[in-house]
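Enquirer: I'd like to ask some things about the structure below.
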Amino acid sequence: MADYTEMWKSLGIDLKNHDALLAGLGQAYTDIFLSQENRPEGMKYFDFVMSEVHGLRIKELVDAKAQGRKVIGSYCVFVPEELVLAVDGVAVGLCAGAELGFEAAEALLPRNTCSLIKSMFGFKLGKLCPYVESCDVIVGENTCDGKKKAYEIFRPLVKDLYVMDLPQTKSETGRLVLKEEYRKFIAKLEKESGKKVTVQSLKKGIEIVNAKRKAMIRLATLRAADPAPISGLDALLINQVFFHDDPVRFTDSVNKLCDELEQRVKDHKGVFPKGTTRVIISGCPMAVPNWKLPMLIETSNAVIVGEESCVGERGTRWLTEVKGDTVEELLDAITDRYFNVDCAVFTPNPSRVNYVKEMTKKLHADGVIHYSLQFCQPYIIESGPVEKELEKSHIPTLRLETDYSQEDVGQLKTRIEAFNERLKRK
Ligand code: BJ8
């Protein structure tokens, strides 16, 4: 990586802490990703992206800002990238996947707050994340109570926090709330960027994001093959990079990788031997560099073939229909698309478990590992009924609760291995 010290300094990054972060991240990446066998050649692009995740990509953001484009950060898949692109902005997902700066975070938040929220604070308070520091606007959303209340404390810490309200029911009123929130968000984006959302710019934004999602759907579909052509770890990584990378370049790279995976499937070539136990992960999103659970699963004689998560199919499986010739009609199409997202903050939320069942069938999975972050009420509470429903449908399910620490690695590994034994006897 080139020397980006001056760029990081200009963004106000704490260089000492940041150096330690990059060193830890680099080592973890080598140990977890580069040590895998039979990786597709196409993963080299994503290895490169990760090696430059705080370098080249940040330079691109800085350059975009110099050209007058606005960088909009978010923590949730309910924030439509289409709208950001329609004002020629750059959308970045802010990751919050590491146990960093937790001490500082716990001075502002209760200890029993989920790791994702603590990490969001930790990165900001520790001045560790050049993405956060590059944002002109950070968008929060009223989803779970944890995030909703945490944003009140987060507001004074950042330059411009814009909080979007979200419905909690899939009702006609709920859809109306979402549409009005997206309308207000357009107004905010237009004000910040000085650019108008037009039919043309919105259609272009929709097409770019749809192409990105189509590539991810193609990737997800290829994972139905046995042997699995790509590891769950690599597929998760691609889902994580989805939130940071330039969307057009990303789409191109995923499609190139899929060409290679198609050939692998034809040649019956995979990352694990044919017949390896296949699992799906369902639950909370896994942000970079939260790789603990997938690493434990895939080093326990099982392969992950799908993620029912916002960093996974819940975030990518729906396209926005390009229908309508007015901004209003396109806004309706965008609202319809996002209103499908079956986050556990919705009540009731039957489509989520139904989709887990569908995924299990189409990806030929042997079982489901339900992953909740500790103190995440929506997913922990929903995990009980999800497990019941899946087991009723003869889909073995393991419920795990964890955080970003490494303390429970041994215990998790034992439970995963016991679950794999159960799947083998199925
Ligand atoms: S649409 S899943 S990205 S809200 S883990 S902070 S829920 S206490 S992340 Fe999410 Fe949007 Fe929903 Fe998806 Fe709260 Fe749970 Fe923490 Fe969470």
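The values are calculated or read from the model by the stated rules, or taken from the named source; none is laboratory data. Here the structure is a predicted model, which is why all the values come from computation and not from measurement. No Cβ is skipped: glycine too gets one built from the backbone with ideal geometry, and neighbour counts run over all protein chains shown.
Enquirer: Looking at (1) within 21 Å of the chain's Cα centre (by Cα); (2) farther than 21 Å from residue 101 by Cα, which is the one condition that is false for residue 21?
Expert: That leaves (2) as the condition not met.
Enquirer: Working carefully through the options 375, 419, find the one that is aromatic (Phe, Trp, Tyr), in contact with a Gly (Cβ under 9 Å, 6 or more places away or on another chain) and more than 20 Å from residue 298 (Cβ to Cβ). Talk me through it step by step, then tell me what you get.
Expert: Numbers: 419 fails: more than 20 Å from residue 298 (Cβ to Cβ).
The unique qualifying residue is 375.
Enquirer: While we're looking at this one, here's another question. Across the stretch 287-335, which residue is nearest to the ligand (Cβ to nearest atom) among those that are farther than 25 Å from residue 129 by Cα and basic (Lys, Arg)?
Expert: Result: 314.
Enquirer: Out of curiosity, is residue 83 crowded, with 21+ Cβ neighbours inside 10 Å, more than 18 Å from the chain's Cα centre (by Cα) and outside any loop (DSSP other than H, G, I, E, B)?
Expert: yes
Enquirer: Kindly provide the set of residues from the stretch 23-67 that are free of Cβ contacts under 8 Å to residues at least 40 places away in the same chain, surrounded by fewer than 16 Cβ atoms within 10 Å (Cβ to Cβ) and more than 17 Å from residue 253 (Cα to Cα), ordered by number.
Expert: Residues satisfying the conditions are 23, 24, 26, 27, 30, 31, 34, 35, 63, 66, 67.
Enquirer: Any residue in the stretch 363-379 that is more than 19 Å from residue 349 (Cα to Cα) sitting within a Cβ distance under 8 Å of a residue that is modelled with pLDDT under 95 and more than 9 Å from the ligand (Cβ to nearest atom)? List the pairs, counting only those 6 or more apart or interchain.
Expert: Close Cβ pairs satisfying both conditions: 366/426; 367/426.
Enquirer: Can I ask one more? If I filter the stretch 338-358 for residues that are in contact (Cβ under 8 Å) with a residue 60 or more places away in the chain and over 25 Å from residue 373 (Cβ atoms), do I get at least one hit?
Expert: no
To keep it simple, each residue is scored yes or no on (1) surrounded by fewer than 20 Cβ atoms within 10 Å (Cβ to Cβ); (2) within 16 Å of the ligand (Cβ to nearest atom).
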position	(1), (2)
345	no, yes
365	no, no
371	no, yes
411	yes, no
414	yes, no
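Enquirer: Can residue 20 be described as in a loop (DSSP other than H, G, I, E, B) and at pLDDT below 95?
Expert: no
Enquirer: May I ask you to verify whether residue 249 is of a type in the set (Lys, Arg), assigned to a helix (DSSP H, G or I) and buried (at least 18 other Cβ atoms within 10 Å of the Cβ)?
Expert: no
Enquirer: How many of the residues in the stretch 176-221 are touching a Pro at 6+ places or on another chain (Cβ under 6 Å) and of a type in the set (A, V, I, L, M, F, W, C)? Outline the logic, then answer.
Expert: Initially, the stretch 176-221 is screened for residues touching a Pro at 6+ places or on another chain (Cβ under 6 Å), giving 177-178, 208, 212.
Now drop any that are not of a type in the set (A, V, I, L, M, F, W, C), which leaves 177-178, 208.
Final tally of qualifying residues: 3.
Enquirer: Okay, next question. Just to check your reading of the model, which residue among 235, 224 is of a type in the set (Gly, Ala, Ser) and outside any helix (DSSP H, G or I)?
Expert: On the way: 235 fails: outside any helix (DSSP H, G or I).
Checking each option against the conditions leaves just 224.
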